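J.: Dropping the structure in here first, questions after.
The values are calculated or read from the model by the stated rules, or taken from the named source; none is laboratory data. Quantities reported herein were computed from a predicted structural model and do not represent experimental measurements. Backbone-built Cβ (ideal geometry, glycine too); neighbour counts: all protein chains shown.
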Amino acid sequence: MNEYENAIELRGVNKTYKDFGLENVSFIVPKGCIMGFIGQNGAGKTTTIRSMLNITKINSGEISLLGLDHVQNEAEIKKRIAVVFDDLPFHDMFTPKDIAKILEGMYPEWNNNVYSDYLNRFELPYKKKIGKFSKGMKMKLQIACALSHNAELLIMDEATAGLDPVVRDEILHIFMEYLQDGERSILMSSHITSDLEKIADMVTFIDKGRILLTGYKDEIIEQHGIIKCGYDKLTTIDSDDIVSIRTNNFGAEVMVNNKEQALSKYSDCIIDPANIDDIMLFYVHRYDKEWLR
Ligand SMILES: Nc1ncnc2c1ncn2[C@@H]1O[C@H](COP(=O)(O)OP(=O)(O)OP(=O)(O)O)[C@@H](O)[C@H]1O
């Protein structure tokens, strides 16, 4: 098997639809990392994921998965990765048992023992038609399939969206277990930022087809802060230091992306920490920065 440093690499990816486009999308997922891929509805998460899998043909740019070109090595890549979309790609008449037979033929490393362990763990019946499964059961079944062929990379599009908080928590725990040897990697799109805040090592924010931020989660959180101040103070803050501003009756909240510097430059202001949700909201809405001009 080939050596590789990054499980996923996208460089300058462009894809144009009539009313939407991915513009110069670039980011990497180093081997061993969980990347949270965050964006609002319609931001371009699924289009990016479909492009990686060559389901959507890109107009330009480069994509490699497991160090291999995503078009030239598509067949090999697909044996070594697992993908979970938000709907089950099997006919309603099939049972988990039928699905195991199909996947056994597709994946060289399929393991029936691992699969039945996950079915037990998720309390999924082996012989019930999946048409009778709830949305959460279908999602758990997809995850069981994804984890049962020793995939080096899991790509998941809103995989935890249909699950209740208890099951979500259990699944996040299973993902962390799955990554323990440092040889496997996960890209997980979600708008449930609390899930990503819990488990992601890295985050990538996408909005309107463009990457706003990508990097290690802790560094991104550390770099950002929210200055709380009155309107009088607001005009003294350098516009270059500001990501965006949210105003209210009492004053303003100003997101800065160099908290360390802001702490010394605006030492008379309170600077609160920002979480992933705050960062996404301030970047996406770009609240009122024009207000200063
Ligand atoms: N085949 C297509 N033809 C034309 N436009 C498309 C096609 N597929 C997706 N789009 C458009 O691309 C945009 C981004 O959609 P995408 O599904 O990638 O967003 P998303 O971030 O995954 O959103 P969500 O969180 O709602 O799933 C949308 O405006 C959508 O209408």
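J.: If you check GLU123 against the conditions, is it free of Cβ contacts under 8 Å to residues at least 40 places away in the same chain, on the phi > 0 side of the Ramachandran plot and surrounded by fewer than 15 Cβ atoms within 10 Å (Cβ to Cβ)?
T.: Yes; evaluated as a whole, the condition is true for this residue.
J.: Of all the residues that make up region 179-196, how many are surrounded by fewer than 16 Cβ atoms within 10 Å (Cβ to Cβ), in a helix (DSSP H, G or I) and of a type in the set (D, E, K, R)?
T.: Residues in region 179-196 being surrounded by fewer than 16 Cβ atoms within 10 Å (Cβ to Cβ), in a helix (DSSP H, G or I) and of a type in the set (D, E, K, R): 0 in total.
J.: When region 29-53 is examined, which residues are found to be more than 12 Å from the ligand (Cβ to nearest atom), surrounded by 18 or more Cβ atoms within 10 Å (Cβ to Cβ) and not aliphatic (A, V, I, L, M)?
T.: LYS31, CYS33, GLY36
J.: Is there any pair with a first residue in region 209-226 that is part of a strand (DSSP E or B) and a second that is hydroxyl-bearing (Ser, Thr, Tyr) and within 16 Å of the ligand (Cβ to nearest atom) whose Cβ atoms are under 8 Å apart and which are 6 or more apart or on different chains, and what are they?
T.: Listed by first residue and then by second, the contacts come to ILE211/THR204; LEU212/TYR283; LEU213/THR204; LEU213/TYR283; THR214/THR204.
J.: If you don't mind, another one. Quick one: GLU123 ticks every box in (1) more than 16 Å from the ligand (Cβ to nearest atom); (2) within 14 Å of ILE34 (Cβ to Cβ) except a single one, so which number is it?
T.: Among (1) more than 16 Å from the ligand (Cβ to nearest atom); (2) within 14 Å of ILE34 (Cβ to Cβ), the lone unmet condition for GLU123 is (2).
J.: On to the next question. Could you please let me know if ILE81 is farther than 18 Å from ILE211 by Cβ, surrounded by 22 or more Cβ atoms within 10 Å (Cβ to Cβ), more than 16 Å from the ligand (Cβ to nearest atom) and in contact (Cβ under 8 Å) with a residue 40 or more places away in the chain? If you could, list the steps in order and put the result at the bottom.
T.: Numbers: farther than 18 Å from ILE211 by Cβ: yes; surrounded by 22 or more Cβ atoms within 10 Å (Cβ to Cβ): yes; more than 16 Å from the ligand (Cβ to nearest atom): yes; in contact (Cβ under 8 Å) with a residue 40 or more places away in the chain: yes.
Yes; evaluated as a whole, the condition is true for this residue.
J.: Just one of ASP86, ASP117 is over 21 Å from the mean Cα position of the chain (by Cα) and in the same structural domain as LEU66 (by the TED database); which is it? Spell out the reasoning first.
T.: Working: ASP86 fails: over 21 Å from the mean Cα position of the chain (by Cα).
The match here is ASP117.
J.: Taking the stated definitions as given, is ILE38 closer than 27 Å to ASP277 by Cβ and at pLDDT 95 or above?
T.: Against the criterion (closer than 27 Å to ASP277 by Cβ and at pLDDT 95 or above), ILE38 does not qualify.
J.: Could you say which residue among TYR17, TYR107 is farther than 30 Å from GLU197 by Cα, of a type in the set (Phe, Trp, Tyr) and modelled with pLDDT of 95 or more?
T.: Within the list TYR17, TYR107, the selection yields TYR17.
J.: Looking only at region 53-67, count every residue that is among the aliphatic types (A, V, I, L, M) and in a loop (DSSP other than H, G, I, E, B) and tell me the total.
T.: Qualifying residue count for the region: 4.
J.: Please give the number of the condition ILE102 fails out of (1) touching a Lys or Arg at 6+ places or on another chain (Cβ under 7 Å); (2) within 26 Å of ARG50 (Cβ to Cβ); (3) at pLDDT 90 or above; (4) part of a helix (DSSP H, G or I).
T.: Among (1) touching a Lys or Arg at 6+ places or on another chain (Cβ under 7 Å); (2) within 26 Å of ARG50 (Cβ to Cβ); (3) at pLDDT 90 or above; (4) part of a helix (DSSP H, G or I), the lone unmet condition for ILE102 is (1).
J.: Further, regarding this structure: Which residue, of MET176, MET156, is crowded, with 21+ Cβ neighbours inside 10 Å, in the same structural domain as ALA82 (by the TED database) and of a type outside the set (Gly, Ala, Ser)?
T.: Only one candidate qualifies: MET156.
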